[in-house]
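One structure below.
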Amino acid sequence: MVEAQLTSRTRSPAGAGGPSETASPPTPLPGRPVRGSRTGRPLMAALDLLGRRWTLRIVWELSHGATGFRDLQARCDGMSASVLATRLRDLQGATLAEPAPEGWALTALGHDLVGALGPLNSWSERWAGQLPSDSQ
């Protein structure tokens with residue numbers, strides 16, 4: 001079922017001609033034009049990919065270990081199945097996540113990304129600790 005969710009496309013009406021398939025934007029990858037860079041500089045491709053809604057949350061949840069589709073959906077505050085399927089497809093296309101016997105897991109490159117996010121997480125904890133208590 002998950003495989004079907006990842007390979008299906010959303011159908012939308014196309015007027016009197018009946019339904020047509022609409023594809024999501026391509027997975028941002030280095031070397032291809034991406035949002036903010038016509039040349040697809042690696043950093044810009046990464047920022048484009050990671051800036052897509054829910055992507056970082058999915059990576060963060062998978063950093064705790066492989067998990068099934070429905071459990072991952074619940075961990076991500078019940079995001080829609082179609083959005084989760086799209087984001088997992090993006091992460092798989094970027095070689096950051098992959099299907100696993102338990103459901104979905106980060107690849108070695110995905111774990112490298114989590115390591116790179118560690119300093120940002122540490123900074124965010126310091127930032128939160130320095131805000132006035134009424135703003136938290």
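The values are calculated or read from the model by the stated rules, or taken from the named source; none is laboratory data. Note that the structure is predicted; figures quoted are calculated from it, not measured. Ideal geometry is used to build each Cβ from the backbone, glycine not excepted, and the neighbour counts take in all protein chains shown.
Side notes on the structure shown:
- Residues that are modelled with pLDDT under 85, surrounded by fewer than 16 Cβ atoms within 10 Å (Cβ to Cβ) and part of a loop (DSSP other than H, G, I, E, B) do occur in segment 78-87.
- Apart from one condition, R89 fits all of (1) within 23 Å of R32 (Cα to Cα); (2) among the basic types (K, R); (3) free of Cβ contacts under 8 Å to residues at least 60 places away in the same chain; the exception is (3).
- G78 touching a residue at least 12 places away in the same chain (Cβ under 8 Å) and of a type outside the set (A, V, I, L, M): no
To keep it simple, each residue is scored yes or no on (1) under 30 Å from F69 (Cβ atoms); (2) in contact (Cβ under 8 Å) with a residue 12 or more places away in the chain; (3) outside any helix (DSSP H, G or I).
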position: T95; (1), (2), (3): yes, yes, yes
position: A105; (1), (2), (3): yes, yes, yes
position: L109; (1), (2), (3): yes, yes, no
position: L113; (1), (2), (3): yes, yes, no
position: A116; (1), (2), (3): yes, no, no
position: W123; (1), (2), (3): no, no, no
position: R126; (1), (2), (3): no, no, no
position: D134; (1), (2), (3): no, no, no
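- Residue that is surrounded by the most Cβ atoms within 10 Å (Cβ to Cβ) [pool: residues in segment 43-70 that are within 10 Å of the chain's Cα centre (by Cα) and part of a helix (DSSP H, G or I)]: I58
- The C-beta contact set for segment 34-60 (first residue on the phi > 0 side of the Ramachandran plot and small (G, A, S), second residue at pLDDT below 90 and loosely packed, with under 15 Cβ neighbours inside 10 Å, distance under 6 angstrom, 6+ apart or interchain) comprises G40/G31; G40/R32; G40/P33.
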